[in-house]
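**Q** The structure follows.
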Amino acid sequence: MRCEFPVEPTWIVGNENALTEVITNLLENAIKYTPLAGQIFLEIQTTALGVGVAVHDMGYGIPAADLPHVFERHYRGIQAEGEIHGTGLGLAIAHDLVEKMGGDLEVDSPTLGLPHTARFPGSTFTLWLKAADTDTF
């Protein structure tokens, strides 16, 4: 696994337990869906709008028809027919927790024949949260 973090500490507005659960879920999914020779890349980025925590995997991607549904409870799409077991709850729970923290959870995944915006060939899940006001520390 490779990681890229900002040089300066980054403070966010969120719940520690919820944030731990969300990031753990995203990393576990990346591990499950990345082939043995693949890599996972964790990236923290700061923008004027907030802080993003991106988990990039080198898996097979998510079909376009499944993308609008990945955050629905019990939805597994094409993966339901595969060898990787799951309940289809992890991403739905992660999405709910992120919304409760006032953030957003996005997915980007390649679709055959269409441009892909991520830097890696698999899926990228990005958690966006508000930056904390550092004057309060």
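**Q** Please turn the phi angles of segment 22-37 into ³J(HN,Hα) values with the Karplus equation 6.51 cos²θ - 1.76 cosθ + 1.60 (θ = phi - 60°), one per residue in order, whole Hz, x for glycine and proline.
**A** Using θ = phi - 60°, the values come out as 5, 5, 4, 4, 5, 5, 4, 5, 4, 5, 4, 9, 9, x, 3, 7 Hz.
**Q** For THR126, what is the net charge nearby, where nearby means another residue's Cβ is under 9 Å from its Cβ and Lys, Arg count +1, Asp, Glu -1?
**A** Taking every other residue near THR126 into account, the sum is -4.
**Q** If you don't mind, there's one more thing I want to ask. Determine, for each peptide in 15-28, 95-108, the mean count of other beta carbons within 10 angstrom over its residues, then list the peptides with the highest first.
**A** The most tightly packed comes first, giving 95-108, 15-28.
**Q** To continue, here is another question. Compute and list, largest first, the equivalent-ellipsoid semi-axes of segment 35-79 from the alpha carbon gyration tensor, each √(5λ) rounded to a whole angstrom.
**A** Output for segment 35-79: semi-axes of 24, 18, 8 Å.
**Q** Just add up the charged neighbours of ASN17: K/R +1, D/E -1, any other residue whose Cβ is under 15 Å from the Cβ of ASN17.
**A** Around ASN17, the surrounding residues sum to -2.
Computed from the coordinates by the stated procedures, all read-outs in this text should not be read as laboratory data. Since the structure is predicted, the reported quantities are computational estimates derived from the model, not experimental observations. Cβ coordinates were reconstructed from backbone atoms using ideal geometry, including for glycine residues, and neighbour counts include every protein chain displayed.
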